[in-house]
Amino acid sequence: MDMDTAPNLNSGLHRYAVFTACSTFLLLIAGALVTSNDAGLSVPTWPLAWGSVTPPMVGGIVYEWSHRVIAASVGFLTIILAGWLCWAEKRSWMRWLGLAALGGVIAQGILGGLTVRMYQPPAVSAAHATLAQLFFSTVVAISFFTSSWWLSNIPEMEDAGSPRVRSLTIWTLAAVFLQLILGAAFRHKGFGIIPHLIGAVIVTILVFMTAGALKRRYSNVQPLRKCARLLHMLIGVQLLLGAGAWWSRVYAARFPQPVAIMVTLTVVHTVTGALLLATTLMTALVTYRMLRPGSVLADSSATSEQAA
Amino acid sequence: MKKSKLGIYSLAIGAFALAITGCGGKNETSEAPAPAASAAASKTLDPATAGEVTGSVKLDGAAPKMRTIIMAAEPACTKGHTGPVTSEEVVTGDGGALANVVVYVKSGLDGYSFPVPSTPVKIDQQGCQYHPHVAGVQVGQTIEVVNNDQTTHNIHPIPKENREWNESQPPGAAPIDKNFAREEVAIPVKCNVHPWMKAYMAVLSNPYYQVTQKDGKFDLKNLPPGTYTLVAWHELYGPSEQSVTVGPKETKAVTFTFKATAPAGD
């Protein structure tokens, strides 16, 4: 990655990127509510609701239409974000990242339409769910890359020890992403729970390895310590939520309609998965920003508080 | 200059994307009508020799307690209900009689052809429930869906052998007429607006079928003499088969019994 530190901080752009990321998180919640309430096809026409933008807001239509309205809003926010990045950013890769985010949200809209028009085929619905998380991570990354921390002069340290922390973060990121795909495929009836359970074991091991390595090797480095703490907290919460979501689905299976406890646990589990993906990505970015593999640095004592 | 061109392009892409999303189209059209009765069929029904299969369907054991449906969030749904509404997965009558079972002739009618009835099968949405909960219909026969509620419903059959469709029906809308081209027992139907609304449509290729009511009884009349596979299908307990031979002008009695503790598919 190009560790370009030339651009000046654009606090307006950064705040706007954070706002877009937060709006996207709300959109993830709205989308998860649609699935958990089995409301995905309550508005069978797309993109409008029977040619209107004001459908009767009853039953499942409340969830489905709200999701589309929030999605359209996030689409507009992303257009502005991409345009702003292209206009204001000196780093060419950031301009491309903005366009990638724009492409992602357009693809999401198309997938959303396809899932309605094709009556929710599992592959399309799972792709829609997965791309949602990827898009969220992209916007979070844009927020991070426009932050004052990223743009400041950060002393670099050696990525000592085996396995290297940088490698661990990449493996963990890949595992979390794959686990999200498995979760989306299960949630949208592509296949059963077993692959997702196996994925949970692998993700847990990798998250503990990564967070453990960060804590042991860089205990005095605040950003790395924070990442480790966040990873530990999120994986613990997510495992509990996963167990709760599974129990609630079994419990709710014989009820004639979605029950509140099942909806709550499955939605929170889904969006926590998105947070875990974003946090793992941030951890990877922080380690890549701060650590260099196998190099001997001129000032090896500049490790702890200056890195904050 | 280069930066601002890129910015203009990205805004243009965004605007274009918004424009094409406005190009909505109508949803799936209804399924193609079933093929007409074959003219090459060699057998015809002789009313002078027609027989009959009568019987009943029972549930052995205590029926599971049906859960209450919570409709409080929608006053249009609670209107007309005087007490709690429960799901209709297992409905029993006196003496363990089991309702909502589709009893039909699965095989034994090779060579016979049957005209498609012109009378439609009506599915009514009232009190945010489908009436009837289980309906039988012949291949190609019209199903007429009406909405007598003051709220929007959508009718969404989820077949495996037939074409899936999903249509909305606001209050006062015209009936929706559809048919299914292939035999399938049974097609689940749901409403995505009101997730507790469920029904089943059994699509049969012959007219020898009946859906039991609370008395659990069925009566298949005018059967040609022969040996048949008779099936009783229930949404929770699945299918149960029996072989029955009907002689000329003979009436045979058949009883189907489902065990309450062994639901199908679990």
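Scanning the stretch B:104-112 for any residue that is of a type in the set (D, E, K, R), surrounded by 21 or more Cβ atoms within 10 Å (Cβ to Cβ) and out of contact with any Leu (no Cβ under 8 Å at 6 or more places or on another chain) turns up nothing.
If a residue has to be at positive phi and in contact with an Asp or Glu (Cβ under 8 Å, 6 or more places away or on another chain) to count, how many in the stretch B:84-127 make the cut? It would help to see each step written out before you state the result.
In the first step, residues of the stretch B:84-127 are kept if they are at positive phi; the result is B:95-96, B:100, B:108, B:111, B:127.
Still in the running and in contact with an Asp or Glu (Cβ under 8 Å, 6 or more places away or on another chain): B:96, B:100, B:127.
Result for the stretch B:84-127: 3.
I'm checking my understanding of the structure. Among residues of the stretch A:93-137 that are facing chain B (nearest Cβ under 10 Å) and in contact with a Lys or Arg (Cβ under 8 Å, 6 or more places away or on another chain), which one is farthest from residue A:49 (Cα to Cα)? Checking each candidate, the answer is A:95.
From the list B:228, B:200, which residue is closer than 30 Å to residue A:56 by Cβ, of a type in the set (Ser, Thr, Tyr) and outside any loop (DSSP other than H, G, I, E, B)? Every option except B:200 fails the conditions. Restricting A:112, A:59, A:75 to residues that are surrounded by fewer than 23 Cβ atoms within 10 Å (Cβ to Cβ) and either closer than 27 Å to residue A:190 by Cβ or under 21 Å from the mean Cα position of the chain (by Cα) (or both) narrows the list to A:75.
Sort through A:169, A:115 and tell me the only one that's assigned by TED's automatic domain parsing to the domain that holds residue A:283, in contact with a Ser or Thr (Cβ under 6 Å, 6 or more places away or on another chain) and polar (S, T, N, Q). Let's see the steps before the verdict.
Working: A:115 fails: assigned by TED's automatic domain parsing to the domain that holds residue A:283.
Result: A:169 is the single residue among A:169, A:115 that is assigned by TED's automatic domain parsing to the domain that holds residue A:283, in contact with a Ser or Thr (Cβ under 6 Å, 6 or more places away or on another chain) and polar (S, T, N, Q).
Restricting the search to the stretch B:175-231, which residues are buried (at least 20 other Cβ atoms within 10 Å of the Cβ), of a type in the set (Gly, Ala, Ser) and either more than 18 Å from the chain's Cα centre (by Cα) or more than 21 Å from residue B:162 (Cα to Cα) (or both)? Across the stretch B:175-231, the qualifying residue is only B:216.
When residue A:198 is tested against (1) surrounded by 16 or more Cβ atoms within 10 Å (Cβ to Cβ); (2) farther than 28 Å from residue A:157 by Cα, exactly one condition is not met: (1).
A search for C-beta distances below 8 Å between a residue of the stretch B:62-85 that is more than 25 Å from residue B:97 (Cα to Cα) and any residue that is of a type in the set (Asp, Glu) and at pLDDT 90 or above, counting only pairs 6+ apart in sequence or on different chains, returns B:76/B:149; B:77/B:149.
What helices (runs of 4 or more DSSP H) completely inside the stretch A:71-154 contain at least 3 residues that are closer than 25 Å to residue A:174 by Cα and modelled with pLDDT of 95 or more?
Numbers: elements: A:92-117, A:122-145, A:148-151.
Ranges flagged: A:92-117, A:122-145.
In the stretch A:178-198, how many residues are in a helix (DSSP H, G or I) and more than 30 Å from residue A:160 (Cβ to Cβ)? Spell out how you get there, then give the answer.
Of all residues in the stretch A:178-198, those in a helix (DSSP H, G or I) come to A:178-187, A:194-198.
Right, trim to more than 30 Å from residue A:160 (Cβ to Cβ) and you get A:180-187, A:194-198.
Within the stretch A:178-198, residues that are in a helix (DSSP H, G or I) and more than 30 Å from residue A:160 (Cβ to Cβ) number 13.
Scan B:189, B:185 and give me the residue that is under 24 Å from residue B:57 (Cβ atoms), out of contact with any Leu (no Cβ under 9 Å at 6 or more places or on another chain), assigned to a strand (DSSP E or B) and β-branched (Val, Ile, Thr).
Result of the check over B:189, B:185: B:189.
Pick out the one residue from A:82, A:32 that is closer than 23 Å to residue A:136 by Cα, within 7 Å of chain B (Cβ to nearest Cβ) and not hydroxyl-bearing (Ser, Thr, Tyr). Only one candidate passes the filter, namely A:82. Looking across B:53, B:90, one residue alone is in contact (Cβ under 8 Å) with a residue 12 or more places away in the chain, surrounded by 16 or more Cβ atoms within 10 Å (Cβ to Cβ) and closer than 16 Å to residue B:130 by Cα. It is B:90.
Conditions tested, residue by residue: (1) within 14 Å of chain A (Cβ to nearest Cβ); (2) in contact with a helix residue (DSSP H, G or I) (Cβ under 8 Å, 6 or more places away or on another chain); (3) farther than 30 Å from residue B:149 by Cβ.
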position	(1), (2), (3)
B:168	yes, no, no
B:172	yes, no, no
B:194	yes, yes, no
B:197	yes, no, no
B:213	no, no, no
B:244	no, no, yes
B:247	no, no, yes
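Take the stretch B:232-266 and flag every residue that is part of a loop (DSSP other than H, G, I, E, B) and under 19 Å from the mean Cα position of the chain (by Cα).
First, the residues of the stretch B:232-266 that are part of a loop (DSSP other than H, G, I, E, B): B:235-237, B:247-250, B:260-266.
Those that are part of a loop (DSSP other than H, G, I, E, B) and under 19 Å from the mean Cα position of the chain (by Cα): B:235, B:236, B:237, B:264, B:265.
Residue-level check: of (1) modelled with pLDDT of 95 or more; (2) outside the structural domain of residue B:86 (by TED's automatic domain parsing), residue B:192 misses just (1). Listed conditions (1) under 30 Å from residue B:172 (Cβ atoms); (2) of a type outside the set (Lys, Arg); (3) more than 10 Å from chain B (Cβ to nearest Cβ) are all met by residue A:43, apart from (3).
Just for the stretch A:128-164: of the residues that are hydroxyl-bearing (Ser, Thr, Tyr) and in contact with a helix residue (DSSP H, G or I) (Cβ under 8 Å, 6 or more places away or on another chain), which one is farthest from residue A:67 (Cα to Cα)? Spell out the reasoning first.
Step one: filter the stretch A:128-164 for residues hydroxyl-bearing (Ser, Thr, Tyr), giving A:130, A:137-138, A:143, A:146-148, A:152, A:162.
Then keep just the ones that are in contact with a helix residue (DSSP H, G or I) (Cβ under 8 Å, 6 or more places away or on another chain); that gives A:130, A:137-138, A:143, A:146-148.
Working: A:130: 16, A:137: 19, A:138: 20, A:143: 23, A:146: 28, A:147: 29, A:148: 33 Å.
By that ranking, first place goes to A:148.
Against the conditions (1) under 23 Å from residue A:228 (Cα atoms); (2) modelled with pLDDT under 95; (3) not aromatic (Phe, Trp, Tyr), residue A:295 satisfies every one except (1).
The values are calculated or read from the model by the stated rules, or taken from the named source; none is laboratory data. Note that this is a predicted model, so its numbers are computed, not measured. Cβ sites come from the backbone with ideal geometry, for glycine too, and all protein chains shown count toward neighbours.
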